[in-house]
Each structure stands twice: as C-alpha cells, then as structure tokens.
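Peer 1: Let me give you the structure first, and then I'll get to my questions.
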Amino acid sequence: MRSEEFISLLSKKSSDNGNFEKLRKGLPLGLDMSGEVVLSQKREKPFTVRHTCVTGAGRTAFIRRLLVDTSCLYEKSDACFFVISPKTEYGELLRLRSIDLTVPYIRTKADFTQALGTVKELLRMREQGKGYPRLFLVLDGIEELEDCNRNGDLEEYRAVFDTLSRRDDVDIISGAELMKSIFSGYPGAFVGVGNCLITTREEGKADVTYVGDDVALSMPVPMRYPSEPSIIETIIFLNSIPKTADGE
C-alpha cells in the first residue's frame, strides 16, 4: 500500500461519514485486517500526553512515512512538525514543500536541550492566544546521544512528556528502543494511559497495542501501513496536488 492509496481511502471515509476532523485528530496509522482505519488516539482528552510510540527495527522509516501521510490531512497553516532526532533521514522530508517542518541539527545532549527550549517557547506563545497550528513533535533516537539515558530510564523523553502534559493540541511521536531501557518488560508505563505502542514487524506491517487505565497493554492489532521504498516518489506526487480537508 502506498501513501496515495491510503490518503485517498481516508478522504473517502471522511466524506462518507462527514467526520473529517475526528478522523484526522485520531491520527490515522494504517488499516487493520478488515480494512478499517487504525487510529493512534481514541480518547477525546489525553490522560497525560497524546503519545504515539514506535519501536522495532523499522521505527524511523515508519515515523517518516507517518509524517508524510499526516501532513496530507492538514493545510500547511494548520499543522507544524518539529523533529528532534540525531537521525539524518528526516532531512529528506524538507523536500516536501507542503509541510511546515523544522529539523534542527541534533548531535549532542546540548543540541537536544536547546531544541527542547525552542519547544517550550512555542508552547509559551500558544498560551497567549488562539489560532496556532497543531504541533506534531517527533522524538527519535534521543537515547543514542552521548550522556543521554544514563540510567536506562529514557529521562530525556520523560522530560518532554512532563512539559506537554494534558495538552490536546500537541501530538508526540516517539521512536525509542524500549528493549534497552527499564521499560522493556513494562512498556505501558513509558507510553502512557490511553496511548498506543506500534511495533514494526516487516515492511508495511506492524502491531498496534493500546495502554489501558491499569497501564497494561491490550491485545495487538495487526496493521498494514504505507511502506517506505517509494517515499521520494510520494513526496514528488504530493507536492504536485492541492490539499483538501473535505475529501473532494
């Protein structure tokens, strides 16, 4: 499945049920085995933060594709994307003209701290007025930076979670290696109540689990999602078409 196919299906479904806003706020991830859209977020209000956590060998490829697909659901003025990651692959997305994307240079813990300061300033500005675009904040591979995750508790991620607690206008998308952390046997404690954990299995396939009120994970939902190899072709295609919010 390619992004073009997935976006077309989302447009049709939102046109059929007339609930485009609810669909895109749920953050569509892919399709389950019956062809229904799998959403990251099912709750109207976040318990702590709106967090989509991706783990597994293909997590960066999945997140990149998710950013491309999500950008198709918003006008450029309605959503902004801020990536904090040492992974250079995200720079490729700067070729997508229709997305408000910021990818700062992250190579040290000091770079991360500075980028987090920028995020806090963006939040401060939002508190002073309305009309700001929805913020999608990506945190991927922070634990790989020197002097980060020293105790195996992914403290840098959790510092961001604390900053964004209970905000429903911000989505955090993280790519973390949970198996090398204290959360390896209890991932729900890191992902957070009401949020989802995506485990990539192979190209175009993943399992999605949701964190319940008791912080336990639900049974996994197998999912198909737009795969990575044609991302450049997808960017070129999406740059060539106008974006709509009504499925027309």
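Just so you know, all these numbers are worked out from the coordinates, no wet-lab data involved. Worth saying up front: this structure is predicted, and the values here are computed from it rather than measured. Virtual Cβ from ideal backbone geometry, glycine too; neighbours counted across all protein chains shown.
Peer 1: Karplus couplings for region 190-203 from phi (6.51 cos²θ - 1.76 cosθ + 1.60, θ = phi - 60°), rounded to Hz, Gly and Pro as x?
Peer 2: Values, residue by residue: 7, 5, x, 4, x, 9, 10, 10, 10, 10, 6, 10, 8, 3 Hz.
Peer 1: While we're looking at this one, here's another question. Relative contact order for the chain: what percent, with Cα pairs under 8 Å and sequence separation of 6 or more? Walk me through the numbers on the way to the answer.
Peer 2: Numbers: 432 pairs, mean separation 77.2, N = 248.
Reported relative contact order: 31 percent.
Peer 1: Sticking with this structure for a sec: Taking θ = phi - 60°, what integer Hz values does the Karplus form 6.51 cos²θ - 1.76 cosθ + 1.60 yield along region 140-152, in sequence order, with x for Gly and Pro?
Peer 2: Each residue of region 140-152 in turn: 9, x, 4, 5, 7, 6, 4, 6, 9, 6, 5, 9, x Hz.
Peer 1: Shape verdict for region 56-117, please, from the Cα gyration tensor: rounded (a/c under 1.5), prolate (a/b greater than b/c) or oblate.
Peer 2: It is oblate, given that a/c is not under 1.5 and a/b is not larger than b/c.
Peer 1: On to the next question. Can you pull the semi-axes for the chain, root of five times each eigenvalue of the Cα gyration tensor, sorted largest first, whole Å?
Peer 2: They are 26, 21, 19 Å, listed from largest to smallest.
Peer 1: Mind grabbing the base-10 log of I(q)/I(0) for region 70-173 at q = 0.15, 0.19, 0.20 Å⁻¹? Debye formula, identical points on the C-alpha positions, no solvent, two decimal places.
Peer 2: Relative scattering, expressed as log10 I(q)/I(0), comes to -0.64, -1.00, -1.10.
Peer 1: Please say if region 14-122 is rounded, prolate or oblate, where rounded means a/c under 1.5 for a ≥ b ≥ c the square roots of the C-alpha gyration tensor eigenvalues, and otherwise the choice is prolate for a/b larger than b/c and oblate otherwise?
Peer 2: prolate
Peer 1: Whole angstrom only: what separates the Cα centroid of region 135-205 from the Cα centroid of region 109-126?
Peer 2: For region 135-205 versus region 109-126, the Cα centre distance is 17 Å.
Peer 1: Now a separate question. Collect residues whose amide H, placed 1.01 Å from N in the peptide plane, falls under 5 Å from the amide H of VAL221; neighbours closer than 5 in sequence don't count.
Peer 2: The list, which skips near neighbours in sequence, is VAL208, THR209.
Peer 1: Search the structure for amide H atoms under 5 Å from the amide H of GLU75, placed 1.01 Å from N in the peptide plane, and list their residues when 5 or more places away or on another chain.
Peer 2: Hits under the 5 Å cutoff: none.
Peer 1: Translational diffusion coefficient of region 98-143 at 10 °C, 1.306 mPa s, Stokes-Einstein with Kirkwood Rh over Cα pairs, in µm²/s as a whole number.
Peer 2: This corresponds to a translational diffusion coefficient of 131 µm²/s.
Peer 1: Between exposed trypsin sites (Lys or Arg not before Pro) in the chain, where DSSP calls loop and at most 12 other Cβ atoms lie within 10 Å, what's the longest gap?
Peer 2: Of all site-free stretches, the longest is 167-248.
Peer 1: Measure of size requested: the Rg and Dmax of region 148-203, with Cα atoms as the atom set and Å as the unit; please supply both.
Peer 2: 12.0, 33
Peer 1: If I stretch the segment between ASP207 and SER8 completely, what's the gain in nm (0.36 nm per residue apart, minus their alpha carbon distance), one decimal?
Peer 2: Taking ASP207 through SER8 to full extension adds about 69.4 nm, to one decimal.
Peer 1: Next up: For region 6-60, report the convex hull volume of the alpha-carbon atoms normalised per residue, in Å³, without decimals.
Peer 2: So the per-residue Cα hull volume is 109 Å³.
Peer 1: Let me ask something else about it. Taking +1 at the Cβ of each Lys and Arg and -1 at the Cβ of each Asp and Glu, which of LEU137, LEU154, THR199 sits farthest along the dipole of the chain towards its positive end, judged by Cα position relative to the Cα centre?
Peer 2: LEU137
Peer 1: Only bridges with both residues in the chain count here: give the DSSP antiparallel percent, nearest 5.
Peer 2: Looking only at bridges with both residues in the chain, the antiparallel portion is about 40 percent.
Peer 1: If you don't mind, another one. For VAL54, enumerate residues with amide H under 5 Å from its amide H, sequence gap 5+ or separate chain, H modeled in the peptide plane.
Peer 2: Amide H neighbours of VAL54: SER174, GLY175, ALA176, ILE198.
Peer 1: Something else now. Lys pairs in region 1-154, Cα-Cα under 16 Å, at least 8 apart or on separate chains: how many?
Peer 2: Summing the qualifying lysine pairs gives 9.
Peer 1: Mind checking the full-extension length gain between GLU121 and ARG43? Use 0.36 nm per residue of separation minus the Cα-Cα distance, one decimal, nm.
Peer 2: Extra length available between GLU121 and ARG43 comes to 25.4 nm.
Peer 1: Return the sequence-ordered ³J(HN,Hα) values of region 62-67 in whole Hz as given by the Karplus equation 6.51 cos²θ - 1.76 cosθ + 1.60 applied to θ = phi - 60°, using x for Gly and Pro.
Peer 2: Using θ = phi - 60°, the values come out as 5, 5, 4, 5, 4, 5 Hz.
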